[in-house]
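Participant: Mind looking over this structure? Questions follow.
The values are calculated or read from the model by the stated rules, or taken from the named source; none is laboratory data. Predicted model, so just to flag it, every value in this text is computed and none were measured. Here Cβ is always computed from backbone atoms with ideal geometry, including for glycine, and neighbour counts include all displayed protein chains.
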Amino acid sequence: MTTHLVDEARAGEVTLRGVSRVYGKNYAVRDLDLHVEAGEFISLLGPSGCGKTTTLRMIGGFEYPDTGSISIAAKPVEALPPYKRPVNTVFQAYALFPHLSVAQNVAYGLRYQKTPKNEVRERVSEALQMVRMGSFAERMPAQLSGGQQQRIALARALVNRPAVLLLDEPMSALDRKLREEMQIELKLLQQQLGTTFVFVTHDQEEAMTMSDRIAVMNQGRLEQIGPPDAVYDAPTSAYVAGFIGQQNFFTGELSGGPGAWSVTIPGGTVVSTREPAGSPVVGGVTEVAVRPEHVTVSATPTGGPNEVRSTLMSVSQLGSALQIVTITPEGLKIMARSPRGIDLPMTPGVDVYCSWPSDAVHIFPTTTATESE
């Protein structure tokens, strides 16, 4: 294979090694190692202040790392300004020029680069067609909806044919319905182009819907990275378990051993066939996590594992499912998510029984499961 073909295959590859960014005495990003494959859609997911936007800005050249290296297509870029990197960025604020037409907004970067007029015209038309805005070329930004403005911001970034497209919460200002539509469109566009997308979001559903991989960040560190289903089904920490989806968390004393772990909680014992994450100590305090969709609620005892008697507190509709909340005599709240139409008394105050399979139980060292600083 020629060097040209190797470089082309790796054009959108991004690698961060030991990257840190410090503001005063506070680390925004700490010793971050991250590799993004060419053509991958990866989401940096986490709450406000976790370091995801700072990471994106360092890849784009809007901030520089205090330590570590950043490479794109195997070439170091950490000291280069944004305009010398094969990267374009779509920010949360679309920042369209209000006095320029849609076509002029999209063409702005090309004209700045002194691209020939014929080529500008062709590439602008191509970019607008990509985002399904070809018939809006002469409109002004004030004549566009929020979703249309977002498409124009995308076209303006894509017209430069970047190897890597960075997106900093670009859909946060859209209403839920439009946001869900744009998630599908954005993923289809990325697959069509084969461009590397690095997407920043605090919205777990957004990340789960679009990403090839999700990088969950916490206090400037990479907490876990993997495909959406792996991060959801096999969280490596209580933080990830609590941030991705809903969880029932219980605290208790760990006992047992491989294949048959037990955690004694107020009012009973939770059994798990999964190996604990981290290094919890037998006899020490640990956390147990069970997702609501794994909890079965019945009117009578089933005799299954991990069965707990509790009192029905509330039942609410969540689309095609019911969200059920119960409380045990010891004061532990248990959430369940069940299909509509289940045979269950719906009157708050009645006794019910909650149970869940042993292989659905995750055990973690004691921590603050939902810490979001």
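Participant: Only one residue in Val29, Val22, Val6 is surrounded by 22 or more Cβ atoms within 10 Å (Cβ to Cβ), assigned by the TED database to the domain that holds Pro227 and either more than 26 Å from Ile244 (Cβ to Cβ) or modelled with pLDDT of 95 or more (or both). Which one?
Facilitator: Details: Val22 fails: surrounded by 22 or more Cβ atoms within 10 Å (Cβ to Cβ); Val6 fails: surrounded by 22 or more Cβ atoms within 10 Å (Cβ to Cβ).
Matching residue, one of Val29, Val22, Val6: Val29.
Participant: May I pose another question? Condition first: among the polar types (S, T, N, Q), assigned to a loop (DSSP other than H, G, I, E, B) and in contact with a Pro (Cβ under 9 Å, 6 or more places away or on another chain). Now tell me which residues in the range 322-355 satisfy that. Explain how you work it out, then say what you get.
Facilitator: Kept after step one, since they are among the polar types (S, T, N, Q), are these residues of the range 322-355: 323, 326, 328, 338, 347, 355.
The next check asks that each one be assigned to a loop (DSSP other than H, G, I, E, B); those that pass are 328, 347.
Passing the criteria: only Thr328.
Participant: May I pose another question? Exactly one condition in (1) farther than 30 Å from Asp175 by Cα; (2) out of contact with any helix residue (DSSP H, G or I) (no Cβ under 8 Å at 6 or more places or on another chain); (3) touching a residue at least 40 places away in the same chain (Cβ under 8 Å) is not met by Pro292; state its number.
Facilitator: It fails just one condition, (1).
Participant: Let me ask you something else. Condition first: more than 16 Å from Ile214 (Cα to Cα) and surrounded by fewer than 19 Cβ atoms within 10 Å (Cβ to Cβ). Now tell me which residues in the range 234-247 satisfy that. Can you show your working first?
Facilitator: Start the filter on the range 234-247 by keeping residues that are more than 16 Å from Ile214 (Cα to Cα), which leaves 238, 246-247.
Once the filter is applied, which keeps residues that are more than 16 Å from Ile214 (Cα to Cα) and surrounded by fewer than 19 Cβ atoms within 10 Å (Cβ to Cβ), the range 234-247 yields only Gln246.
Participant: A further question on this structure: Return the residue satisfying two criteria in turn: it lies in the range 52-107 and is more than 28 Å from Ser145 (Cβ to Cβ), hydroxyl-bearing (Ser, Thr, Tyr) and part of a helix (DSSP H, G or I), and of such residues it is modelled with the lowest pLDDT.
Facilitator: Tyr83
Participant: Now for a separate question. Glu63 versus (1) out of contact with any strand residue (DSSP E or B) (no Cβ under 9 Å at 6 or more places or on another chain); (2) surrounded by 15 or more Cβ atoms within 10 Å (Cβ to Cβ); (3) closer than 23 Å to His202 by Cα: which is the lone unmet condition?
Facilitator: (1)
Participant: When you scan the range 169-252 for strands (runs of 3 or more DSSP E) that lie fully inside it, which ones turn up with 1 or more residues that are in contact with a Ser or Thr (Cβ under 7 Å, 6 or more places away or on another chain), in the same structural domain as Pro65 (by the TED database) and over 17 Å from Ala38 (Cα atoms)?
Facilitator: Details: elements: 196-201, 213-218, 221-226.
Passing ranges, in order: 196-201, 221-226.
Participant: Identify, please: which residue in the range 111-155 is assigned to a helix (DSSP H, G or I), under 30 Å from the mean Cα position of the chain (by Cα) and among the hydrophobic types (A, V, I, L, M, F, W, C) and is, among those, surrounded by the most Cβ atoms within 10 Å (Cβ to Cβ)?
Facilitator: Applying the filter and picking the extreme gives Ala155.
Participant: Take the residues in the range 297-322 that are surrounded by fewer than 20 Cβ atoms within 10 Å (Cβ to Cβ) and among the hydroxyl-bearing types (Ser, Thr, Tyr), then tell me which one is nearest to Tyr232 (Cα to Cα).
Facilitator: Ser320
Participant: Please verify whether the range 92-110 includes one or more residues that are in contact with a strand residue (DSSP E or B) (Cβ under 6 Å, 6 or more places away or on another chain), surrounded by fewer than 18 Cβ atoms within 10 Å (Cβ to Cβ) and either more than 21 Å from Asp168 (Cβ to Cβ) or in the same structural domain as Leu178 (by the TED database) (or both). I'd like the intermediate steps shown before the answer.
Facilitator: The initial filter retains those residues of the range 92-110 that are in contact with a strand residue (DSSP E or B) (Cβ under 6 Å, 6 or more places away or on another chain), namely 92.
Then drop every residue that is not surrounded by fewer than 18 Cβ atoms within 10 Å (Cβ to Cβ), which leaves 92.
If we keep only those that are either more than 21 Å from Asp168 (Cβ to Cβ) or in the same structural domain as Leu178 (by the TED database) (or both) too, we end up with 92.
Yes; the residues of the range 92-110 include at least one that is in contact with a strand residue (DSSP E or B) (Cβ under 6 Å, 6 or more places away or on another chain), surrounded by fewer than 18 Cβ atoms within 10 Å (Cβ to Cβ) and either more than 21 Å from Asp168 (Cβ to Cβ) or in the same structural domain as Leu178 (by the TED database) (or both).
Participant: Sticking with this structure for a sec: Would you point out the residue of the range 224-256, among those that are under 12 Å from the mean Cα position of the chain (by Cα) and of a type outside the set (A, V, I, L, M, F, W, C), that is farthest from Phe41 (Cα to Cα)? I'd like the intermediate steps shown before the answer.
Facilitator: Taking the range 224-256 as the starting set, the residues that turn out to be under 12 Å from the mean Cα position of the chain (by Cα) are 224-229, 231-232, 240, 243-245.
If we keep only those that are of a type outside the set (A, V, I, L, M, F, W, C) as well, we get 224, 226-229, 232, 245.
Details: Gln224: 16, Gly226: 12, Pro227: 10, Pro228: 11, Asp229: 15, Tyr232: 17, Gly245: 20 Å.
For the range 224-256, the residue satisfying everything is Gly245.
Participant: Name every residue in the range 284-294 that is part of a loop (DSSP other than H, G, I, E, B) and modelled with pLDDT under 95, in order of residue number.
Facilitator: Step one: of the range 284-294, the residues part of a loop (DSSP other than H, G, I, E, B) are 284, 291.
Answer for the range 284-294, where residues must be part of a loop (DSSP other than H, G, I, E, B) and modelled with pLDDT under 95: just Gly284.
Participant: A follow-up question, please. So Asp359 clears everything in (1) acidic (Asp, Glu); (2) part of a loop (DSSP other than H, G, I, E, B); (3) within 28 Å of the chain's Cα centre (by Cα) except one condition, right? Which one?
Facilitator: That leaves (2) as the condition not met.
Participant: Here's another thing I want to ask about it. Of all residues in the range 253-283 being hydroxyl-bearing (Ser, Thr, Tyr) and assigned to a loop (DSSP other than H, G, I, E, B), which is surrounded by the most Cβ atoms within 10 Å (Cβ to Cβ)? Steps first, please.
Facilitator: Just the residues of the range 253-283 that are hydroxyl-bearing (Ser, Thr, Tyr), to begin with: 255, 262, 264, 269, 272-273, 279.
Filter again for assigned to a loop (DSSP other than H, G, I, E, B), leaving 273, 279.
Values: Thr273: 14, Ser279: 6.
Top of the filtered list is Thr273.
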